1. Using Cα pairs closer than 8 Å and at least 6 residues apart in sequence, work out the relative contact order for the chain, in percent.
2. Of all GluC sites (Glu not before Pro) in region 52-118, which ones are in loop regions per DSSP and have a Cβ with at most 15 other Cβ atoms within 10 Å?
3. For H59, what accessible area in Å² do you get when you roll a 1.4 Å probe over the heavy atoms of the protein chains, rounding to the nearest 10?
4. May I ask for the net charge around D62, where only other residues with Cβ less than 14 Å from the Cβ of D62 are counted and Lys, Arg are +1 while Asp, Glu are -1?
5. Below 24 Å, Cα to Cα, which lysines can K87 reach? Residues fewer than 8 away in the same chain don't count.
6. Provide the per residue accessible area, probe 1.4 Å, for region 44-101, rounded to a whole number of square angstrom.
7. Give the peptides 10-19, 103-112 in descending order of average Cβ contacts within 10 Å, highest first.
8. Determine by what factor the alpha-carbon radius of gyration of the chain differs from 2.2 N^0.38 Å, reporting the quotient.
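The values are calculated or read from the model by the stated rules, or taken from the named source; none is laboratory data. Being a predicted model, the structure only gives us computed values, none of them experimental. Glycine gets a Cβ as well: all are built from the backbone with ideal geometry, and neighbour counts include every protein chain shown. Surface accessibility is based on the protein's heavy atoms, side chains included, excluding ligands, DNA and RNA. Shrake-Rupley method; radii C 1.70, N 1.55, O 1.52, S 1.80 Å.
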Amino acid sequence: MSTGYDNGNEVCSITDPVRVLMFGLSTDDASTQFTFITPKMDTSNQNEVKSVLGVGEKHFGDIHNKFQFRILKNNNFYINNPNTNQKLEILKTEEFLNYENKKHMLVWIKIDNLELENSNQSGEKIQLKDGFMIAELYGHIFE
């Protein structure tokens with residue numbers, strides 16, 4: 001499992017509260033993995049964080065502006081098409097303190113029907129149906 005964040009303004013700075021949060025799972029050899037990525041948000045503004053991570057329907061799209069989902073399988077990356085109107089639903093969120101006493105958040109996510117396109121081979125697609133996951137996110141609060 002991996003969890004973390006990048007700076008949403010594409011500037012590497014620990015003082016910038018604008019972040020893109022990520023959660024991923026992979027096999028031991030990292031040959032197969034998936035990554036769930038949030039839109040960018042100002043983590044110093046809890047209303048903005050609640051807007052992005054609050055319960056309800058959300059949309060997949062282009063990185064930094066909407067949620068993104070990626071799968072690496074057989075040396076191919078499959079990514080949601082940013083020009084479609086595919087959706088996910090956040091069912092529940094719960095904050096907790098990890099073993100280092102840092103704030104993390106569990107996010108229960110439902111994905112009904114998500115089509116991912118192979119970024120290396122035009123026209124090749126895979127589809128996720130009736131999917132549920134719990135993502136552990138870190139960096140949702142600017143500390």
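1. 21 percent.
2. E100
3. 60 Å²
4. +2
5. Within the straight-line cut-off, K87 pairs with K40, K50, K58, K66, K73, K110, K125, K129.
6. I get 63 Å² per residue for this part.
7. 103-112, 10-19
8. Its radius of gyration relative to the 2.2 N^0.38 Å reference: 1.04.
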